[in-house]
Amino acid sequence: MITARYRVAQLRLALTGMAMILIASAQNQYERARASGDRGSESVEKAVLVAIGLAVAVGLGFAIRAAVQNYQSQIQ
């Protein structure tokens, strides 16, 4: 049986991985923009919008998961 601590550890690892991927992607985008001589105002704006969208998606995921766990006994 999978315990709650195991699930929390899995969630932490997944979120850490997602954060690392996001940071690496943003850094790669920044380096490419600098190498091309572009000031990157559009690239930076797009990266910020993507980061905000990802944060909203992760937040919604947490909220939905918390609601399901909170009301799981009533659902069954």
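The values are calculated or read from the model by the stated rules, or taken from the named source; none is laboratory data. Computed from a predicted model, the values in this text were never measured in an experiment. Don't worry about glycine lacking a Cβ; one is built from the backbone with ideal geometry, like all the others, and counts go over all protein chains shown. When the accessible area is computed, the model is the full protein with side chains, heavy atoms only, and any ligands, DNA or RNA have been set aside. Shrake-Rupley method; radii C 1.70, N 1.55, O 1.52, S 1.80 Å.
Residue-wise test of (1) of a type in the set (Ser, Thr, Tyr); (2) assigned to a loop (DSSP other than H, G, I, E, B); (3) open to solvent by 80 Å² or more (accessible area, probe 1.4 Å); (4) at pLDDT below 80.
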{"site": "Met1", "(1), (2), (3), (4)": "no, yes, yes, yes"}
{"site": "Ala51", "(1), (2), (3), (4)": "no, no, no, no"}
{"site": "Gly59", "(1), (2), (3), (4)": "no, no, no, no"}
{"site": "Ala63", "(1), (2), (3), (4)": "no, no, no, no"}
{"site": "Ser73", "(1), (2), (3), (4)": "yes, no, yes, yes"}
**Prompt:** Which ones in segment 3-32 are loosely packed, with under 11 Cβ neighbours inside 10 Å and either on the phi > 0 side of the Ramachandran plot or among the small types (Gly, Ala, Ser) (or both)?
**Reply:** Ala4, Gly17, Ala24
**Asked** Across segment 33-49, which residue is farthest from Gln69 (Cα to Cα) among those that are at pLDDT 80 or above and open to solvent by 60 Å² or more (accessible area, probe 1.4 Å)?
**Response** Lys46
**Prompt:** Among the residues of segment 3-27, how many are closer than 24 Å to Lys46 by Cβ and part of a loop (DSSP other than H, G, I, E, B)?
**Reply:** 0
